[in-house]
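Asker: Mind having a look at this structure? Questions to follow.
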Amino acid sequence: MNEFQIVRVIERPPEDVFAALVNLARIPDWNSSVIEVRLAKDAVLEVGSLIVYVGKFLGRVFESDSQITEFTPNTRYSSKSISGPFHLEVENILESVDGGTRITSNFRGESRGFFKLAEPVMVRLSKNLFETATDNFKALLEAHSL
């Protein structure tokens, strides 16, 4: 299992950061690898709900189902993939700090199928992609665009 962590301080209160983080329709605005994110039919955002991600990575389009594993408003939001080319668990922890919110995102995962062949490269590319997405998220929030 490969792991890495990304930590950023966003100059917005935790409730704003959390609301933007769980706004599934806006994820493609800050994460360039995501084409679409939607809740499974008749689901609401809560622990156990299924989310469908349609994404692209290295020129391949893929669909992946994830399940929400933690959902504590303004504090924690986590999910894990249950299908698709990557096994990925993402844990987001939000903490109020002077001047805003510290968001700590822990990523744990491994590749499957075609992507498993180049896993060391995949980890490096994935980390770069998630760091860029987090920086985009921070910039858009601080500009009040999310």
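Asker: Within segment 74-110, restricting attention to residues that are free of Cβ contacts under 8 Å to residues at least 60 places away in the same chain and in a loop (DSSP other than H, G, I, E, B), which residue is farthest from Leu50 (Cα to Cα)?
Answerer: The selected residue is Asp98.
Asker: Those residues that are closer than 14 Å to Leu24 by Cβ, in contact with a strand residue (DSSP E or B) (Cβ under 8 Å, 6 or more places away or on another chain) and of a type in the set (A, V, I, L, M, F, W, C), I need them from segment 44-73; list them, please.
Answerer: Passing the criteria: Leu45, Leu50, Ile51, Val52, Val54, Ile68, Phe71.
Asker: Here is a follow-up. Tell me whether segment 115-128 contains one or more residues that are in contact with a strand residue (DSSP E or B) (Cβ under 9 Å, 6 or more places away or on another chain), at pLDDT 85 or above, within 19 Å of Glu3 (Cβ to Cβ) and in a helix (DSSP H, G or I).
Answerer: yes
Asker: Contact list please: Cβ distance under 8 Å, first residue in segment 1-26 and within 14 Å of Glu142 (Cβ to Cβ), second residue in a helix (DSSP H, G or I) and not hydrophobic (A, V, I, L, M, F, W, C), pairs at least six apart or on different chains.
Answerer: Arg8/Thr134; Arg8/Asp135; Arg8/Lys138; Ile10/Lys138; Ile10/Glu142; Glu11/Glu142; Arg12/Glu142; Ala20/Arg26
Asker: Pick from Ser105, Ser81, Ser96: which is over 21 Å from Ala20 (Cβ atoms) and surrounded by 14 or more Cβ atoms within 10 Å (Cβ to Cβ)?
Answerer: After ruling out the rest, the residue left standing is Ser81.
The values are calculated or read from the model by the stated rules, or taken from the named source; none is laboratory data. Remember, it's a predicted structure, so these values are computed and weren't measured experimentally. Backbone-built Cβ (ideal geometry, glycine too); neighbour counts: all protein chains shown.
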